[in-house]
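So the structure is just underneath, and the comments pick up after that.
Here, each number is a calculation from the coordinates, and none is a lab measurement. None of the values given here were measured: they were computed from a predicted structure. Because the Cβ atoms are built from the backbone with ideal geometry, glycine has one as well, and the counts that use them run over all protein chains shown.
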Amino acid sequence: MNDILWATGLTLGIYLVFLALQNRFKITLLNPLLLSSIIIIIFLLLTKLPYETFENGTSFITFLIGPATVSLALPLYEKLPVLKKHWKIISSVIGIGVLVHALTILVIVFFLKSSDVMIATFIPKSVTTAIAKDISVGLGGIKQLTIVIVVLTGVLGVVVAPYVFKLLGITDPIAKGLSLGSAAHAVGTTKAVEYGEVEASMATLSLIITGILTVVFAPLIYQIITWIV
């Protein structure tokens, strides 16, 4: 019980501080998920506390990832009219996104000469953590490392997105939302909210559908990449 109190309190406290800072200054790099992770890692290193102790103490937060995954069905249901109206562009963008995602992983693991375990760890890098960790475990990857890669992918996505939009002259809200959701998952969706309601809706749809497609095709992508590499 003591571990739960201090570990959960520490995690939520640090997260809420950085969340408040990000809301106050609107700086993308003040991402509460990324910075909370860094601070907690530093804390564990300085105090020499075993990671297992902290993990057990935050088990309640980890447990909530499951219900959070199931709850994604609600926004998908609410956005069905939008999905029906724009199904062609949504399916095209998300399909291309999943393909580019697979090709990116192939390039990364090829140049890094990665093992099968690392390939499995990298595959779910562009879907939300709730889904990514289970895909990683199912393929034989390292769950903790997958979570780190997912967070970094999301933060990198929202950092470069404004510059990409400006460079390519992308102003359409549907295009912005879909690209943020498919490339930067939940972190990208929070960025899409800053742009507007349409962007947020498209990012939410993209996040969910990309996650579903990745779950379905991850084993095939894994087999193809391991065969090529």
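Brief remarks follow.
- By the beta-carbon count within 10 Å of each Cβ, the least crowded to most crowded order of 139, 80, fewest first, is 80, 139.
- Of 169, 151, 14, farthest towards positive along the dipole that unit charges on Lys, Arg, Asp, Glu beta carbons give the chain: 169
- Legend: translational diffusion of region 1-63 by Stokes-Einstein, Rh = Kirkwood radius over C-alpha pairs, 20 °C, 1.002 mPa s; D = 176 µm²/s.
- Cα centre as origin, Lys/Arg/Asp/Glu Cβ charges: the chain dipole, Debye: 440
- In sequence order, calculated HN-Hα J values of region 29-35 (Karplus, 6.51, -1.76, 1.60; Hz; x Gly/Pro): 5, 7, 5, x, 5, 5, 5
- Span from the region 109-167 Cα centroid across to the region 21-67 one, whole angstrom: 18
- Under 19 Å from residue 125, Cα to Cα: aspartates and glutamates that are on another chain or at least 8 residues apart: 116, 134
- Straight-distance crosslink candidates among lysines, where the alpha carbon sits under 17 Å from residue 26 and sequence neighbours closer than 8 are dropped: 191
- Annotation: lysines with alpha-carbon distance below 20 angstrom to residue 85 (same-chain offsets under eight excluded): 176.
- Label reach from residue 51 (point 7 Å along Cα→C-beta): in region 121-164, amide nitrogens under 13 Å belong to 142-149.
- The listed peptides 145-151, 171-177, ordered by packing as a protection proxy, come out as 145-151, 171-177 (highest mean of other Cβ atoms within 10 Å first).
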